[in-house]
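I have placed the structure first, in the form of structure tokens, so that the comments after it can refer back to it.
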Amino acid sequence: MKIKNGLAIIGGSGIYDIEDLKNPKWVKVESSFGEPSDELLFGKIDEREIVFLPRHGRGHKIPPSDINYRANIEILKKVGVKKIISFGAVGSFKESLSPGTFVLINQFFDRTINRKKSFFGPGLAAHVQFAHPICSKMKNILLKASNNIKIDVVEDGTYLAMEGPQFSTLAESNIYRSWGCDVIGMTNMPEAKLAREAEICYATVAMVTDYDCWHPNHETVSVSEIIRVLSENSMNAKNLLKNTIPLLSQKDEDHNCSCNEALENAIITAPEARDPEMINKLKYIAGRVL
């Protein structure tokens with residue numbers, strides 16, 4: 001299956017489906033990089049075709065470090081996705097970013113260590129620009145949509161991606177705060193990096209569930225409390241999505257974006273030295289430039 005205008009939603013903790021999707025259909029899509037998190041859910045919102053992927057799989061069966069991020073991004077690219085809105089639960093490093101707040105991320109700090117972070121490798125080397133990891137046009141559309149709903153949405157924030165699955169120690173939490181990070185999560189890396197390699201516009205809505213462990217009145221992160229906030233965040237995320245879709249459906253939103261040309265001068269390997277097997281494996285990700 002293919003979707004028009006290529007919009008995908010990746011749902012994080014607490015978001016495993018979209019109830020308001022018209023004509024929903026789960027479809028299994030194969031990947032050259034192994035097993036993705038789940039099937040893709042195709043359907044329509046406000047007459048706009050979208051595809052939804054539950055990052056942890058339905059029922060939350062895959063922990064952060066075991067998610068096959070490469071397979072997830074490849075199957076989205078394969079079905080025609082050009083834009084991704086990513087939702088994910090995070091902890092807060094700032095008093096002002098209280099549980100229930102949504103942060104529109106503009107920067108990342110990657111502290112993950114056990115994940116495949118690139119589609120490229122021996123036989124085909126590439127280096128994409130990543131100074132600005134979020135599509136600013138997508139972020140601005142989300143910000144505009146947030147003005148129509150009654151939830152706390154903060155523009156710009158730095159997301160520290162940790163390996164997990166354990167939460168931070170107090171020492172780690174304090175150090176990350178001193179670095180100027182705003183929120184902490186376990187799933188947006190290498191997801192954002194792979195989306196850039198796949199030339200897909202990517203934006204993150206970070207949904208605050210707790211204060212990590214630095215806060216004197218919240219020294220430990222309670223899973224039960226996180227689940228309660230997750231439920232509230234899930235409803236607000238779906239409301240934000242409802243208000244975002246009409247803006248993305250406007251004709252003038254199908255603009256050219258630098259995200260869609262990320263591989264233009266990124267492949268370093270000389271044509272005669274490129275591995276044919278790698279070229280074939282990357283036909284969906286990098287076919288435009290290969």
Quiz prompt | Carbon/sulfur fraction of accessible area - the stretch 40-119, other protein chains in place, 1.4 Å, % | solution = 45 percent
Quiz item: On full extension of the chain, what length is gained from His132 through Asp156, given 0.36 nm per residue of separation minus the C-alpha to C-alpha distance?
Solution: 7.5 nm
Quiz item: How would Arg55, Arg288 line up by accessible area, probe 1.4 Å, largest first?
Solution: Arg288, Arg55
Quiz item: Can you tell me the accessible area per residue over the chain, all protein chains present, probe 1.4 angstrom, in square angstrom?
Solution: 45 Å²
Quiz item: Counting alpha carbon pairs within less than 8 Å and at least 6 residues apart, what relative contact order, in whole percent, applies to the chain?
Solution: 25 percent
Self-check item: Taking the C-alpha atoms of the chain, convex hull volume expressed per residue in Å³
Solution: 123 Å³
Self-check item: Taking the convex hull of Cα positions in the stretch 92-158, its mean projected area over all directions (nm²)
Solution: 6.4 nm²
Quiz item: Under a plain spin-label model, where a point goes 7 Å from the Cα along Cα-to-Cβ, how far apart in nm are Phe109 and Trp179?
Solution: 0.4 nm
Exercise. Quick one: work out the % antiparallel among DSSP beta bridges in the chain, nearest 5.
Key: 35 percent
Practice problem: Pop out the ³J(HN,Hα) list for the stretch 141-155 in order, Karplus 6.51 cos²θ - 1.76 cosθ + 1.60 with θ = phi - 60°, rounded to Hz; leave Gly and Pro as x. | Solution: 5, 5, 5, 5, 5, 5, 5, 8, 10, 9, 9, 7, 10, 10, 7
Quiz prompt | Carbon + sulfur, % of accessible area of the stretch 129-262 - ligands and nucleic acids excluded, 1.4 Å | solution = 50 percent
Self-check item: Relative packing of peptides 117-128, 187-198 - highest average C-beta neighbours within 10 Å first
Solution: 187-198, 117-128
Practice problem: Among the listed pairs Lys44/Lys82; Lys61/Lys150; Lys28/Lys78; Lys2/Lys283; Lys137/Lys238, give every one whose C-alpha distance is greater than 22 Å. | Solution: Lys61/Lys150
Quiz prompt | Histogram of C-alpha separations across the stretch 127-189, 5 Å bin width, % | solution = 3, 14, 18, 20, 18, 15, 10, 2, 0
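The values are calculated or read from the model by the stated rules, or taken from the named source; none is laboratory data. It should be emphasised that the depicted structure is a prediction, and the values quoted were computed from it without experimental measurement. Note that we place each Cβ from the backbone using ideal geometry, even for glycine, and neighbour counts take in every protein chain shown. The protein model used for the area step is the full one, side chains on, heavy atoms only, and it has no ligands, DNA or RNA in it. Shrake-Rupley method; radii C 1.70, N 1.55, O 1.52, S 1.80 Å.
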